[in-house]
Amino acid sequence: MSMTAALTESYGKGATDVPLIEQTIGDFFDGMVARQPDRDALISRHEGLRFTYRELQAESNKLASALLNLGLAAGDRVGIWSHNNAPWVLMQIATAKAGLILVNINPAYRTSELEYALNKVGCKVLVTMARFKTSDYLGMLRELGAKRLPQLQHTFWIDGNAAADVEEPGMQRFSKLLASGNAADPRVAQVQKTLKATDPINIQFTSGTTGFPKGATLTHRNILNNGFFIGECMKLSPADKLCIPVPLYHCFGMVLGNLACLTHGSAIVYPNDGFDPLTVLETVQAEKCTGLHGVPTMFIAELDHPRFKEFDLSTLRTGIMAGSPCPIEVMKRVVNEMHLSEITIAYGMTETSPVSCQSSTDTPLDKRVSTVGTVQPHIEVKIVDPETGAIVPTGQSGELCTRGYSVMHGYWEDEPKTREAIDAEHWMHTGDLATMDAEGYVNIVGRIKDLVIRGGENIYPREIEEFLYRHPKVQDVQVVGLPDRKYGEELCAWIIVKPGQSATDTEIRDFCKGQIAHYKVPKYIQFVTEFPMTVTGKIQKFKIREAMTEQLGLTQEKTA
């Protein structure tokens with residue numbers, strides 16, 4: 001962010017020299033195909049599939065035609081319940097062309113969550129994986145039955161690698177649906193002409209830590225522009241191949257991955273359906289990928305894989321790390337050992353399409369590891385006092401709010417919750433605590449509800465986590481506050497030690513002594529093998545708090 005004078009208050013506005021795209025996803029994609037029909041668009045390693053831009057367009061048009069054959073009309077909801085594969089991208093493009101609203105269903109959902117999501121938004125069609133590891137998706141759908149899903153008219157199962165003789169009563173094969181379409185169907189172009197960039201095109205359920213998930217509703221304009229400006233930050237071009245091991249049902253995969261590529265003529269590369277560090281390393285080497293996405297835990301798993309050193313990752317240049325804050329030590333290894341000298345950090349939330357702040361390929365490393373970059377183009381951010389709503393001075397923490405084209409259409413059929421999140425001036429209140437420095441760099445210091453207040457001292461768990469990562473035996477760490485009669489709250493650290501190592505509470509406490517203030521040294525230390533997390537790699541601190549509070553027999557009330 002070029003500034004003539006240093007900022008004094010925590011407000012930033014992104015550049016506006018590159019205009020917003022006012023086309024629909026279908027129109028923009030068709031324009032890209034016309035410019036470079038024969039370039040690689042999609043490589044799905046685990047399925048053995050490759051598509052050029054022209055081939056991807058033909059298959060998407062065919063699928064759009066097939067969906068129209070079902071009697072669907074613009075605005076109808078169509079669900080996708082699957083890990084990463086070619087049918088997912090085809091659904092993303094085809095539904096956008098036909099004006100259908102694609103509903104992303106989390107593959108971790110079980111029957112009651114699936115029932116809630118499909119009925120909440122009235123899905124008429126569902127495309128699903130048959131099974132994955134221990135999840136039997138068709139079995140769950142059979143269990144729910146037609147009575148509990150009254151609006152669901154058609155279910156198609158993705159039969160790419162399935163045995164040809166298996167039939168599912170009441171369910172149809174995705175391959176048959178695709179075959180029923182016509183790539184030259186004139187209706188697809190006709191429908192596409194009637195669509196507006198501001199039409200809703202996607203519903204994603206936010207994994208609320210309390211209550212039912214809410215359906216964040218996003219438009220063509222929301223996600224197409226966000227994908228474009230994310231790709232700009234990474235300096236993507238038709239020469240790039242981006243390895244996408246993050247899930248597509250979440251914004252990280254479908255916007256920061258698919259749409260960043262499709263808006264820059266780059267190639268989308270899927271190493272596998274679910275995350276597996278070895279196939280990521282193999283894919284980067286085999287396809288000579290130039291970009292790699294991941295949440296910090298994925299990069300840690302790749303770096304610490306016993307075969308890591310066997311692979312040539314020298315083609316890597318850029319990518320995005322997001323999902324949760326990145327430990328500084330991990331970032332240094334990603335840059336030095338994975339050749340990702342131009343990796344960027346992105347920050348956002350589903351409700352803002354998702355990215356509002358991002359570092360660029362030339363952000364200095366110290367800023368790249370300690371901040372989430374500066375405000376994205378055409379977006380405003382401000383940091384406010386959660387009590388008064390006033391913008392705070394630079395360097396002071398407060399709630400991050402964001403405004404601009406990226407703010408969602410709203411929560412599906414939930415006006416009260418939409419109004420809680422988006423105020424009268426159209427600012428989205430994120431619930432994240434952040435600071436902004438004089439150059440406009442934003443740092444996320446935690447969730448408002450994760451802030452620990454011990455004996456009147458405000459403690460940000462992130463700061464203690466960063467410190468503990470420096471311990472040579474610590475692979476990963478999470479710090480939470482637990483209720484305490486005397487101080488209101490006390491700190492608790494959950495630590496995963498590096499493979500083949502062991503550590504003790506005393507070692508960890510000795511490491512802290514004289515290095516950080518005594519009140520920041522965790523009272524409780526627990527060694528664990530994993531953290532509770534959402535499928536998108538967001539660590540669920542509330543579950544750590546609940547488990548420890550119960551284990552230690554602490555009373556929940558805070559006596560602040």
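Look through region 441-469, keep the residues that are at pLDDT below 90 and in a loop (DSSP other than H, G, I, E, B), and return whichever of them is surrounded by the fewest Cβ atoms within 10 Å (Cβ to Cβ). Across region 441-469, the extreme among qualifying residues is Gly456.
Total residues in region 502-523 satisfying the condition of being assigned to a loop (DSSP other than H, G, I, E, B) and either buried (at least 17 other Cβ atoms within 10 Å of the Cβ) or modelled with pLDDT of 95 or more (or both): the figure is 6. Restricting region 546-560 to residues that are part of a loop (DSSP other than H, G, I, E, B) and in contact with a strand residue (DSSP E or B) (Cβ under 9 Å, 6 or more places away or on another chain), the residue that is modelled with the lowest pLDDT is Ala560. Within region 88-146, restricting attention to residues that are under 17 Å from Ile203 (Cα atoms), free of Cβ contacts under 8 Å to residues at least 60 places away in the same chain and in a strand (DSSP E or B), which residue is most open to solvent (accessible area, probe 1.4 Å)? In this case the residue turns out to be Lys124. Select from region 19-51 the residues that are open to solvent by 30 Å² or more (accessible area, probe 1.4 Å), more than 25 Å from the chain's Cα centre (by Cα) and among the hydrophobic types (A, V, I, L, M, F, W, C) and list them in ascending order. Ala34, the sole residue that qualifies. If the condition is being within 21 Å of Gln92 (Cα to Cα), open to solvent by less than 40 Å² (accessible area, probe 1.4 Å) and not aromatic (Phe, Trp, Tyr), then region 147-161 contributes Leu152, Thr155, Ile158, Asp159.
In the set Ala66, Ala98, Ala58, Ala108, which member is over 22 Å from Pro150 (Cβ atoms), touching a Gly at 6+ places or on another chain (Cβ under 6 Å) and of a type outside the set (S, T, N, Q)? Can you show your working first?
Working: Ala98 fails: touching a Gly at 6+ places or on another chain (Cβ under 6 Å); Ala58 fails: touching a Gly at 6+ places or on another chain (Cβ under 6 Å); Ala108 fails: touching a Gly at 6+ places or on another chain (Cβ under 6 Å).
From the options Ala66, Ala98, Ala58, Ala108, the qualifying one is Ala66.
Of the residues making up region 524-545, just one is assigned to a helix (DSSP H, G or I) and over 22 Å from the mean Cα position of the chain (by Cα), namely Arg545. Taken over region 505-522, the criterion of being under 27 Å from Ile300 (Cα atoms) and in contact (Cβ under 8 Å) with a residue 40 or more places away in the chain is satisfied by Ile508, Phe511, Cys512, Gln515, Ile516, Lys520, Pro522.
For every residue, the table says whether it meets (1) open to solvent by less than 10 Å² (accessible area, probe 1.4 Å); (2) more than 28 Å from Gly79 (Cα to Cα); (3) acidic (Asp, Glu).
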{"position": "Ile244", "(1), (2), (3)": "yes, no, no"}
{"position": "Asn258", "(1), (2), (3)": "yes, no, no"}
{"position": "Cys261", "(1), (2), (3)": "yes, no, no"}
{"position": "Ala267", "(1), (2), (3)": "yes, no, no"}
{"position": "Asp273", "(1), (2), (3)": "no, no, yes"}
{"position": "Val280", "(1), (2), (3)": "yes, no, no"}
{"position": "Gly294", "(1), (2), (3)": "yes, no, no"}
{"position": "Met298", "(1), (2), (3)": "no, no, no"}
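Inspect region 496-504 for any residue being touching a residue at least 60 places away in the same chain (Cβ under 8 Å) and out of contact with any strand residue (DSSP E or B) (no Cβ under 6 Å at 6 or more places or on another chain) and give the result as yes or no. Yes: region 496-504 contains one or more residues that are touching a residue at least 60 places away in the same chain (Cβ under 8 Å) and out of contact with any strand residue (DSSP E or B) (no Cβ under 6 Å at 6 or more places or on another chain).
Can you tell me which residue among Ser266, Ser324 is free of Cβ contacts under 8 Å to residues at least 60 places away in the same chain and closer than 24 Å to Ser353 by Cβ?
On the way: Ser324 fails: free of Cβ contacts under 8 Å to residues at least 60 places away in the same chain.
Unique residue meeting the criteria: Ser266.
If you go through region 195-214 and keep only what is over 14 Å from Leu100 (Cβ atoms), open to solvent by 20 Å² or more (accessible area, probe 1.4 Å) and at pLDDT 85 or above, you end up with Lys196, Thr198, Phe205, Lys214. Across region 269-295, the number of residues qualifying as farther than 21 Å from Thr350 by Cα and in a strand (DSSP E or B) comes to 3. When region 1-18 is limited to residues that are at pLDDT below 95 and open to solvent by 80 Å² or more (accessible area, probe 1.4 Å), the one that is farthest from the chain's Cα centre (by Cα) turns out to be Thr4. Within region 69-78, identify whether any single residue is farther than 28 Å from Phe212 by Cβ, over 22 Å from the mean Cα position of the chain (by Cα), open to solvent by 10 Å² or more (accessible area, probe 1.4 Å) and in contact (Cβ under 8 Å) with a residue 40 or more places away in the chain, and answer yes or no. Checked region 69-78: at least one residue is farther than 28 Å from Phe212 by Cβ, over 22 Å from the mean Cα position of the chain (by Cα), open to solvent by 10 Å² or more (accessible area, probe 1.4 Å) and in contact (Cβ under 8 Å) with a residue 40 or more places away in the chain.
Based on what the data block shows, is Arg419 modelled with pLDDT of 95 or more and of a type in the set (Lys, Arg)? For Arg419, the condition - modelled with pLDDT of 95 or more and of a type in the set (Lys, Arg) - is met. Residues of region 312-353 that are closer than 22 Å to Val474 by Cβ and of a type in the set (Ser, Thr, Tyr): Ser324 alone.
The values are calculated or read from the model by the stated rules, or taken from the named source; none is laboratory data. Since the model is a prediction, treat every value here as computed from it, not as a measurement. Cβ atoms come from the backbone with ideal geometry, glycine included; neighbour counts cover every protein chain shown. To get the accessible areas, we keep the full protein, side chains included, count just its heavy atoms, and leave off ligands, DNA and RNA. Shrake-Rupley method; radii C 1.70, N 1.55, O 1.52, S 1.80 Å.
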